[in-house]
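The values are calculated or read from the model by the stated rules, or taken from the named source; none is laboratory data. None of these values were measured; they are calculated from a predicted model. As a convention, Cβ positions derive from the backbone with ideal geometry for all residues, glycine included, and neighbour counts pool all protein chains shown.
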Amino acid sequence: MRLESIDLARLITIIAEEVRAASAKPVVRCACHSVNEDCCPSNLQGVIDAGAARLGMHATGGAPQGVAGYIDHTLLKPDASRQDIEKLCREAAEFKFATVCINPAWVATCASLLRNTPVGVCTVVGFPLGATTPDVKNYETRRVIFDGAREVDMVINIGALKSNDLRLVEKDIEAVTSACREAGVTSKVIIEAAYLTDEEKVVACTLSKAAGADFVKTSTGFGPGGATVNDVALMRRVVGEDMGVKAAGGVRDLEGLKAMVAAGASRVGASAGVKIVQQSRGDATAEGKASGY
């Protein structure tokens, strides 16, 4: 369902319907965490080790294996050294994270270090501003795939979206998703939700789905805000069950991961992955002691 194959007016109608539907549901917030009641971490006490994994799986490629399987172990700082990257890969292999998420310059290094492990290599395109042209993003995507990336997180052209230039936004996303499809690589679209109105978030998710993306993702971690449970829940409702939703930016502990998964996230980008997994193991141990095992 690409823009060149559907009527633009019809797409606008679809987006308008999604916006109305997203606005129609009343928001009930819990008193303990001030988040949507359905996303309250206190409702997840019976879930162990895998956090909220049993509330429903949306990720492409199957269900995550415990908490670590949700996490893209992330290091996107511009001053990351080779020593930092090597440590990231060692941790990823030890804890069995879904991927490492690193800047493009480190893709070949990580692919080599992780070659005999189940950990994937994820990288970013048009990062962090999204303000390059579609042909540049297409080349960047093909290059990182050549270097060994198996997942690509691209940033949309935020300015084009704010200008309501839907064709350019779809062309921008398609430049990355088409290259990923050809190579059998997972594509994720970062909408940078903190810059957007709810209506624009719906538009971004709808266009990502139309362009054949595998995931939508909340944030780069470099914008004015990170993932929120409300944004994750909205994105999940718009893209449905067949696409992944990645929460990234500000997920620093197990409770935060549980809340994101409860809201509909099937992947979480975090630099605190080791801490989160260690907390989950502590939770499981405490649960076992409480149960007499």
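Within segment 269-277, the presence of a residue that is surrounded by fewer than 22 Cβ atoms within 10 Å (Cβ to Cβ) and free of Cβ contacts under 8 Å to residues at least 12 places away in the same chain is excluded.
Applying a threshold of 7 Å to beta carbon distances and a minimum spacing of six or more residues, or different chains, the list of pairs starting in segment 92-111 at a residue that is over 9 Å from D147 (Cβ atoms) and without any contact (Cβ under 8 Å) to a residue 60 or more places away in the chain and ending at one that is among the small types (G, A, S) and assigned to a strand (DSSP E or B) reads T99/G120. Of the residues M243, M260, the single one that is crowded, with 24+ Cβ neighbours inside 10 Å, within 18 Å of D72 (Cβ to Cβ) and modelled with pLDDT of 95 or more is M260.
Give V261, V229, V268 a once-over and let me know the one that is within 22 Å of R150 (Cα to Cα) and among the hydrophobic types (A, V, I, L, M, F, W, C). So that I can check it myself, show each step before the final result.
On the way: V261 fails: within 22 Å of R150 (Cα to Cα); V229 fails: within 22 Å of R150 (Cα to Cα).
Of the residues listed, the single one that is within 22 Å of R150 (Cα to Cα) and among the hydrophobic types (A, V, I, L, M, F, W, C) is V268.
Scanning segment 155-174 for residues that are of a type in the set (A, V, I, L, M), surrounded by 23 or more Cβ atoms within 10 Å (Cβ to Cβ) and assigned to a helix (DSSP H, G or I) yields L161, V169, I173. Examine segment 132-142 for a residue that is of a type in the set (K, R), buried (at least 23 other Cβ atoms within 10 Å of the Cβ), within 19 Å of the chain's Cα centre (by Cα) and at pLDDT 95 or above, and state whether such a residue exists. Looking for residues that are of a type in the set (K, R), buried (at least 23 other Cβ atoms within 10 Å of the Cβ), within 19 Å of the chain's Cα centre (by Cα) and at pLDDT 95 or above, one finds at least one in segment 132-142, hence yes. D153 satisfies every condition listed in (1) over 23 Å from A270 (Cβ atoms); (2) touching a Phe, Trp or Tyr at 6+ places or on another chain (Cβ under 9 Å) except (1).
For segment 213-232, the criterion of a residue being hydrophobic (A, V, I, L, M, F, W, C), free of Cβ contacts under 8 Å to residues at least 40 places away in the same chain, in contact with a Lys or Arg (Cβ under 8 Å, 6 or more places away or on another chain) and crowded, with 21+ Cβ neighbours inside 10 Å is satisfied by at least one position. I'd like to verify a number: residues in segment 92-112 that are more than 26 Å from V155 (Cα to Cα) and not charged (D, E, K, R), how many? So the count comes out to 2. For segment 143-154, taking the residues that are touching a residue at least 40 places away in the same chain (Cβ under 8 Å) and surrounded by fewer than 23 Cβ atoms within 10 Å (Cβ to Cβ), the one that is farthest from the chain's Cα centre (by Cα) is identified as D147. Residue by residue through segment 50-90, note down the ones that are part of a helix (DSSP H, G or I), within 21 Å of K258 (Cα to Cα) and either modelled with pLDDT of 95 or more or within 17 Å of the chain's Cα centre (by Cα) (or both). Answer for segment 50-90, where residues must be part of a helix (DSSP H, G or I), within 21 Å of K258 (Cα to Cα) and either modelled with pLDDT of 95 or more or within 17 Å of the chain's Cα centre (by Cα) (or both): A53, V67, A68, G69, Y70. Among the residues making up segment 61-110, those that are among the hydroxyl-bearing types (S, T, Y) and surrounded by 15 or more Cβ atoms within 10 Å (Cβ to Cβ) are Y70, T74, T99, T109.
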